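Notes for the one structure printed next.
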Amino acid sequence: MVSCYITNEALSDPRHLYSILDENWEEPAKTMFRMSSTITTQKIPHTLFVKRGWKIDIDNDETRLFFQVNHPDLVKEVCGMAKKGVLSQDALSYMLSTVDLNLYINKSNDGFGAKKQDERTCYANASAAVLHLAMKRIIGRDGGYPDFFELRRELIAKYGEYGNPTKKVLEEVCPKYRLKCEKVDAIDAMKAVSEKRPVVARFYLSGAQWDQFYQFYEENPKGILTRFYLDSKHHSTINPGGHAVVLTSYDAGSLRLMNSWGDDWADNGFFRVQNANVLPGLKFFDVSWTSDDF
């Protein structure tokens, strides 16, 4: 349900989707806000709004389909965007890709979810998940859609069971599937996730930090890891090392990542960190495509 409240009040920021009710609003606005549907960050046809200068709140990884407008042009704009959001090919591709992403996140069936790596193949797990979901966004892709397990087998056969640089693997494999790979910063990684593209994330922890990492999620499976906690221990016999995971979503308070240690670890195989500064050496790799690639 989409609610549009028309007011003669001055609005400082009329192009705005809200997550939380403002107690300063007029009572009718509050009523219509409560009537409107809640949608998660992943289901927002982001480009339809962002390209027109709209602000989208994502507190608790969600927003409301509620608008406040005070000018006829804005009424037309809201109606036009609602129509495009339902009928456009772009929005359709977003919805199709969201279904696949939610299979990973929500474990809609036994075939999907956080997979468990063999040996030191986190690079293959993370890369295969992102490659698979990138191709699933292409409607009617020539060559079909290699599934996660097929891609993972291919990567392990070529790059081995004992680790390999994730950046190298993606740069070499992406062209085979007419995809692009680009190293991006945290802001661009979150933009990619908002556009329904999960992103490979690579980080490196000292032995003491690995101790704290294991301990935190054993005690707080759904908790949000902070850098202060990660650095609270300084000595360990565990070897330092890198790890590859997948950034799947975010909200105002955390980044949510999919690990490769099986769905019985942490929150069904997923974990949260406070921000991109928590995990040392965190790097993001965005796998994408353009129409020119096909």
Spin-label model distance (nm) - Glu26 vs Lys116, 7 Å beyond Cα toward Cβ: 5.9 nm
Neighbour-count order for Cys174, Cys79, fewest beta carbons within 10 angstrom listed first: Cys79, Cys174
When the convex hull of its Cα atoms is projected in every direction, mean area for the stretch 112-216 (nm²): 7.8 nm²
Over 24 Å between alpha carbons, listed pairs Lys116/Lys136; Lys116/Lys180; Lys30/Lys55; Lys136/Lys191: Lys116/Lys180
Value of Rg/Rh across the stretch 91-293 [Cα atoms, Kirkwood radius]: 0.95
Ratio of Rg to Rh over the stretch 188-271 (Cα coordinates, Kirkwood Rh, two decimals): 0.98
Partner aspartates and glutamates for Lys233 [C-alpha distance under 17 Å; skip if fewer than 8 residues away on the same chain]: Asp211, Glu218, Glu219
Spatial separation of Cα centroids for the stretch 1-39 and the stretch 165-194, in angstrom: 38 Å
Dipole in debye (nearest 20) - the stretch 91-293, about Cα centre, beta carbon charges: Lys, Arg +1; Asp, Glu -1: 260 debye
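Rule-based calculations on the coordinates, nothing more; no lab input. Note that the structure is a prediction, hence the values are computed from the model and not measured. Counting neighbours? That spans all protein chains shown, and the Cβs are built from the backbone with ideal geometry, glycine included.
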